[in-house]
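Below: the structure, in structure tokens.
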Amino acid sequence: MTGTIVFWVIIGILIFIVLYLITAYNSLIGLRNLVKNSWSQIDVQLKRRHDLIPNLVETAKGYMGHERNTFESVTKARAEATAARGVPQVAQAESRLSEAISRFMVIVENYPELKANQNFLAVQEELASTENRIAFARQAYNDAVLFLNNKIEMFPSSIIAGMFIFRKEVFFEIEDTTERTVPKVSFN
Amino acid sequence: MFLQIAAANKRKTVLLVLIMGIVLALLGFFVGELVNLWTGFTSAPQQAENTFKAGYIGFCVALAIWLGLLLTSMLGSDQLFLSLSGAKEVTHDLYPQLYNIIEEMKIASSLPRMPDIYIIDDPAPNAFAVGKSPEDSSICVTAGLLAICSRDELQGVVAHEMGHITNRDVLFMTVAATMLGAVTLIADSFLHSLRYAPIARYRSSSSKPGKGLINVWLIVLGFFLVIFSPILSRILYFTISRSREYLADATSARLTRYPEGLACALEKIMLSPEKLTTALKATAPFYITNPYKQDLEDSLFATHPPLGQRIKILRLMSTGAAFKDYVKAYWAVTHTHKELIAASDMKLGERITIRDPSPPTLQSPPGSRVTAGKAGDIIRAMNQFVFIPCECGMKMKIPPEFARGEIRCPRCNRPHTVKEADQQTMSAILATTSAFSKPAQPQDPLKAKTDALIKGYQEETRIPGTWQSFTCNSCGRIVQVSPAFKLPQFNCTHCGHLFKV
């Protein structure tokens, strides 16, 4: 009698362990896919920004024809960004593109008719949204990496992570710290 | 996968829902027994053995009632609810900014599918989310909210609703609401049927000694439950609702990295005199602020925490936008150490810095007179009105029924042709308003700064009795002023720029 009880208890515990292993493994796989997805989302949004820039330039050209240098620098930065391959090159080209766009936007401030133009307003909203999306995609990527890394480190899921060789992922760092500082304005 | 953060918090909600379930089960059991004593459903010998058969039947009936309610509310489609609220679906073409903001938040929360977007024809500012799972959800905002909120504020509100979706609050609140419904239904119908109960029968059947004592206990406990279980479940229900609101606020701050956005939006909602007319009572917990009972804000029976408190908590988050920062602020505001968000969720080794506000070019200028018209324009645009700006500053709004052809401006009599209505985007409509009503001024940032310096100060009007935020003309940052502050002038906390009020 007690023998059979012990037998069933052991069977129960084994089933529980197997179920746990399966769910833990699945959630690790799910997290790894999430990290991959979030990474590709960043690419999607960068691509979206590249597609918007010709639009922006076209709309603005009619109003600020003599700002040739600005247009050229934006188009050049875009061409470089689309051509860049490899993570460090892409990151560098994209941050140069961001810089070119923000410089462009500062110059736009001098053209009130352009700022009231409907098409330009629409493109500006899309561009601003894309910038936000890139930032949020990075944020989501970092969140996903945080969860995955936590799961890999923490007991007991760390055992499964060790068994099936799950590697920790790297966070997306802000590429340029000077980007975040506010430019100084002097009145002299 | 944002779900993971709230996993431990979910357990707490599950526990509260379980307690509600136990209350429901006990109520069913005792009501079954009481009904049995009154009517003599089981025969006398069975009663003598105290088999509690009637109690189990009552328990099963209570369960069946709850499951029936749950099934009907789960099967009742969101579409139905949305159409009852008078919501209309919008696309990217009609309102690009709202669509973009929702897509941004979708990316930030790693939601598997883009929620459907709806706008309600209502000048009262509010928003809500529906959808039982993150795969199938909708976000709905009122035209009034779109009219008064800047981009950052709208983002905060949308992120709050996104928090409801990712935390599966709609599911929790549906389960809790149906339990509350079942408890109320059983207790009420029992009390009503007492009028017709043949009490004499009970007396005749309780002839055996010993059994009487148990029956007395049954009656005492039973009546206690019948009277207090509806109140208890209601308190539980509203506790769940409020804790989910706090969590959604914390989620919003974490997603946007900008708690000030939601705080400003809530402040504007609080100050708005409009009240929502299309809200259904059962769905009150899904709105960003309670569309009902503003006077009951601080009681046990409120679906939402008091607005002022929510705003204060968000504004106190100075160290970062992570969950632990929210909880710290919550503790400071309420002077308690309640476990608002489960400890294991806060242990995540995350340091989240608050971002800067969006550039002012994207912020629509607030101001009550402009916005009342704007809310109307949004509604008209949704109903396929055509907008024709006239050179005299008049903006004609032509309804879709109007025969195409020529129309004369009612003010200056200039002729205009009414073209076939092509869907206009909101940015275009708002642009036509601003292009003619206010001549665009060259806004040189340097000039604006020097102007402010020459002038020396900035004049603002204050609304008494509330928190308010002003944008500093000198450094562009936001300065908050508490209702307790009564002096006619103050300085910007960042750059010392002088404000006069």
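Of the numbered criteria (1) buried (at least 20 other Cβ atoms within 10 Å of the Cβ); (2) modelled with pLDDT of 85 or more; (3) under 26 Å from residue A:140 (Cα atoms), the one residue B:183 fails is (3).
Looking at the stretch B:94-114 only, could you name the residues that are more than 10 Å from chain A (Cβ to nearest Cβ) and more than 18 Å from residue B:149 (Cβ to Cβ)? Residues satisfying the conditions are B:113, B:114. For residue A:24, the requirement of being within 14 Å of chain B (Cβ to nearest Cβ) and on the phi < 0 side of the Ramachandran plot is met.
Counting only residues that are crowded, with 22+ Cβ neighbours inside 10 Å and among the polar types (S, T, N, Q), the stretch A:131-145 holds 2 of them. Any idea which residue in the stretch B:124-160 is farthest from the other protein chains (Cβ to nearest Cβ), counting only those that are part of a helix (DSSP H, G or I) and among the small types (Gly, Ala, Ser)? Taking the candidates together, the pick is B:144. From the list A:73, A:27, the one residue that fits, being closer than 25 Å to residue A:170 by Cα and not aromatic (Phe, Trp, Tyr), is A:27. Working carefully through the options A:153, A:126, find the one that is under 15 Å from residue A:59 (Cα atoms), surrounded by 11 or more Cβ atoms within 10 Å (Cβ to Cβ) and at pLDDT 80 or above. Among A:153, A:126, only A:126 is under 15 Å from residue A:59 (Cα atoms), surrounded by 11 or more Cβ atoms within 10 Å (Cβ to Cβ) and at pLDDT 80 or above. Within the stretch A:125-142, the set of residues being more than 7 Å from chain B (Cβ to nearest Cβ) and either polar (S, T, N, Q) or without any contact (Cβ under 8 Å) to a residue 40 or more places away in the chain (or both) comprises A:130, A:135, A:142. Quick test of your reading of the structure: residue A:46 fulfils all but one of (1) without any contact (Cβ under 8 Å) to a residue 60 or more places away in the chain; (2) within 18 Å of the chain's Cα centre (by Cα). Name the failing condition by number. Checking residue A:46 against (1) without any contact (Cβ under 8 Å) to a residue 60 or more places away in the chain; (2) within 18 Å of the chain's Cα centre (by Cα), the one that fails is (1). Residue B:65 - would you say it is facing chain A (nearest Cβ under 10 Å), surrounded by 14 or more Cβ atoms within 10 Å (Cβ to Cβ) and in a helix (DSSP H, G or I)? So residue B:65 does not fit the description; no.
Go through the stretch A:40-121 and tell me which helices (runs of 4 or more DSSP H), entirely inside it, have 1 or more residues that are away from every other protein chain (no Cβ under 12 Å) and touching a Ser or Thr at 6+ places or on another chain (Cβ under 8 Å). Counting at least 1 such residues, we get A:87-108.
The values are calculated or read from the model by the stated rules, or taken from the named source; none is laboratory data. Keep in mind the model is a prediction, meaning the values are calculated, not measured. Neighbour counts are summed over all protein chains in view; Cβ atoms, including those assigned to glycine, are modelled from backbone coordinates with ideal geometry.
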